[in-house]
Every structure is written in C-alpha cells, then in structure tokens.
Ligand code: SF4
C-alpha cells in the first residue's frame, strides 16, 4: 500500500466508517471527555520503558507498522513470552478505558497490531490481550482466521475510502451517542432542508 | 459539540500582549499585568495600537485562536490565522459551486431567506411590544414587502433575483429602522445606512457591531475549513470576505441590530458618548465602545433553540453551527443550506 494510516484509523473505521472519513478525509477533529481520558490512560502505558512483569519481559510504547495493511502506530505493551522452542513470542496487550465489552473493533485493532508485529519480526502470533480499566481486568483475544480476514478486508476498504475521498452518509444509531464527532457529523439532520426552508418562509 | 469560549477584546492603546507558557499576558502601558489562560479563549480582537509578540501569534495559530487587528474604530486591518483545518476537498468544492450559477443561487436563496425571515421577525416583535409607540402603519408596510420577498423565495430564484431581493429587503427594513429607536430620538435619529465614515450615532453603532459579527463569523468559517473570501450571494471582490458576508446576512437583524436598539432604548449608550468630527463623521468614545463590547459578549451567551438542529445552544455558537452546516451542504451531506431562523 502506498499510503499508510494510523492504527487508530482502523479502529474508527470499524466503529463507524463515516467517523474515520470525517477525521482522515474531512480533517475534522474534536476532543471530548472520552478521547481525552483514553489519551491519559495511554500516556500511563507509554510512560514506562522496557521492564519485567511477573517474570515476563515487556516493552512499552512499541512503534509498529505493516506495509501490507498500510498501517502504522504504537502498541501500548508488548510482552515477550517464551515459546515452546525457546524463542520469545510477542504478546500484544492493549489498554482500554471502560468496561470489558469486547467489541469486534477492539479485537480487530489488537489483531492488526499483532499482524504488524508478525510482518516486522517474521513471527506467528496466536493471541494477545485487552486490559480494561474498569474493572481492572484482562480479556484474552485469539487471532483466528475470521478476525484476520476482517482486518485485511477493513484495511482495504478503508484505504479505498480515504484514497477516493468518499465520506459515507451518516446513519444515525446507538453508537452515535458516544461519538466525539457528533457535532461535526450531525447524524440526525437528514435531507429535509427544503421543507425546513419553506416552513420558515411561511407568512 | 464545541464549547462557546470567550473572545478577548483589547482596546487600551499601547498594550503589549505576549505569551507565557499557556497564558496570554496583557501588559498595559502603565506596567499593569493581567493573564488569561489560552484555553478559555477562541479569539483575540485588538483595536488600534496594540502589540503582540510573535510567539503569541504563533501560539494562537497553533491553538486555532482567531486574532484580528482593527483600527480603534473597528475597521478591519489584518488577521493572523493558524494552519487551516486542511480540508482542501471542501475548499475545492466551495470554489466549484461558487463558479456554478445554479449551485450558488441555491445557497444565495437560503441566505436571503434567513435575512428576510429574521428582519421580518424583528419588525414584528417591535410591533407587538411597542405598537403604540411607533408608526405601526409604516412598519406593517415594510413587513408586507418582506412577506412578498418570502413568498418569492418559496420557489428557486436566480442569482440576480436573489441579489435584487437582498437590496429590496434591506431597503424596506432600513426605511423603518429609525422607528424602532424609542429613546432620545433626536440624538439617535436614523436616516438610512451610511458608513466609512458613519455620519450619525446609530450608523456608528451598527458599523461597529457588524465588525464584531464579521470577526466571529469569519473565524467560524475558517475553523471548519471554508474560505471566508469566496461567497455565493456576494460576488468575489478582492479584499471582500464574500462568504462571511453571506453568513452574516441571517444574523445581522436579530444579533447586531437588536443589540444596537436595546443599547439605545435602555439608555445604556447616550448621546454624549459620541463625538462628531468636522467632516461630519461620528465616533464613539472609549466608554461607549466598552459598553458595546460587553453587551456583545453577553449577547453571545444567550441561549436559544437552534431551529434546524433542535438543540439549545448559546447564540455565539450558532456562527459555528452555521459554518458547519454550510460546509456539510457544500460536501453534499445535506440537500441544501438551512439558515438560522430567529423566532
Ligand atoms: S455521529 Fe454517528 S454516524 Fe456520525 S460519525 Fe459518529 S458514529 Fe458515525
């Protein structure tokens, strides 16, 4: 892929393609409480450097990329776990604010990280984990074939969308409630401007 | 939704503004200092001889704060803007539609609809509240003219028609505007619009408040990535902020004109706050200017239901919402531009 997008773009894309287009095509950005808190949590994960945790070597804020997926970014934490043949296998751990409602986009995001690491290190990574801030607990994620295909297909679609500068129309739904771009997106205002215009012009 | 932030208006001559960390430091000529954190501001407007350090200019640019320099009397001199939000696609589409007479006429029609409906609402409100103190017949005739414009706007109009209607609506409205002055009628008599320089106190007030409105509308357009120079109703003319003038049309009557009227009618500005130069030009004194700035700042905090979004927002944020709506309609997310109707 001749153009790379940040890993976060994939997560936005999986959450709502329009959200991704507003950021990467329309260059709209708005920070709300959620994104701010998310950033703080990441800062904490970023603050440490390489170390050990219960006998497992870990690296923090690891820069990663994949030319095949056209993605670049930073993995919060990569643990180096001993494999059966003695070689260490990277085990990515992503930090999330909020409760463990393992959604597809969280899983796919982590899987994309693993695929970046695989491409960089020539390794095979079978699983990783998502750490949720509330309650503090880990969820294991297995990188199986359906999840990997989801990542690949989404990356292709996302790049086409950004390359051709197509912003999809808004479809108002439940996820709009927590969306930081609602103000710019205006998901509820449909195509009824003419009616609005005429109503105002009434005598 | 974006938050409504404060605009810093600096009117004291010889003031020096600089940056200290995340703060704007304001040093008056007598050495007195004040500080404001940048994150509570969305713009700085400097009147007259006010100096700014380049580091403050750069910081404002980076944080998306609009900075304008005006003469002491409020004529726009220059603006410092940060990197644009970078949406070249939106701008390209804006230029394309500005070149296309049909697309331009659509937006122009909305803009004029906003102007006509809101001017009419201001006149009606006056008839309702002060019908006994004004020449009601005159006001009603003006309302009739605006009704007629509104009727013609119910079907698409050409750009020329839209521009003609702009003149007609403004003419009818300003012909009776003086009727709405209820206090100190002699000092604040009004005989039509004049500017550069204003020749009476009412025109002086109107011009000044329009400058404040222009700053706010312009920075809202820039913040969403539109080019404030290229308008639809207002044709390109070098140095003229065409799109800002377009979007201002819907706000003039209820935001600016009503503010001027209420300052006069409540006696908050007085005849002695104005000086007439030998040339006939009329200027306001420092205290009057401060009174107007405070009133404008307060007006922006008044909340109202946004008629299209159906959400309560402060009026100062309505500039931003309208900029957003025009951007969305240019990009084809909306099938037209919905003006802000004031009721
Ligand atoms: S408001 Fe809804 S439709 Fe719009 S970007 Fe957010 S999630 Fe997507």
On a full-extension model of 0.36 nm per residue, what is the gain between residue B:285 and residue B:266, subtracting their alpha-carbon distance, rounded to one decimal in nm?
5.0 nm
Diffusion coefficient in µm²/s returned for segment B:88-331 by Stokes-Einstein, Kirkwood Rh over C-alpha pairs, 20 °C and 1.002 mPa s, is 114
Once you average over the residues of B:323-333, how many Cβ atoms of partner chains fall within 10 Å of each Cβ?
3
Cα-based Rg then Dmax for the protein assembly as shown, in Å, read 28.1, 98
Simple SL model, points at 7 angstrom along Cα→Cβ for residue A:3 and residue A:126; separation in nm is 3.9
Which percent of Cα-Cα pairs in segment B:155-278 sits in each 10 Å bin, short to long?
12, 38, 32, 16, 2
Please sort B:322-333, B:41-52 by packing, taking for each peptide the average over its residues of neighbouring beta carbons within 10 angstrom, highest first.
B:322-333, B:41-52
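If we sort A:64-71, A:148-155 on the protection proxy, mean other Cβ atoms within 10 Å, highest first, what's the order?
Put in order of decreasing packing, that is A:64-71, A:148-155.
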Global geometry of segment B:248-323, whether rounded, prolate or oblate, following the gyration tensor of its Cα atoms and the 1.5 cut on a/c
prolate
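Return the FRET efficiency for the residue pair residue A:194, residue B:13: r is the Cβ-Cβ distance, R0 is 35 Å, and the value is rounded to the nearest 0.05.
Result of the calculation: an efficiency of 0.10.
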Classify segment B:6-80 from the C-alpha gyration tensor, please: rounded if a/c falls under 1.5, else prolate or oblate depending on whether a/b exceeds b/c.
oblate
Per residue of B:337-343, count partner chain C-beta atoms within 10 Å of its C-beta, then hand back the mean as an integer.
3
Could you work out how far the C-alpha centroid of segment B:13-28 sits from that of segment A:178-203, in angstrom?
41
Each residue of B:109-118 has, on average, a number of other protein chain C-beta atoms within 10 Å of its C-beta equal to 2
Sum -39500 (n - 2.57) across every DSSP H segment of at least 4 residues in the protein assembly as shown, then divide by the residue count to get the 222 nm mean residue ellipticity, nearest 500.
-14500 deg cm²/dmol
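Since every read-out is calculated from the coordinates, none of them should be taken as a lab result. Only a predicted model underlies this, so the values are computations on that prediction, with no experimental measurement involved. Every residue, glycine as well, gets a Cβ built from its backbone with ideal geometry; the counts of neighbours run over all protein chains shown.
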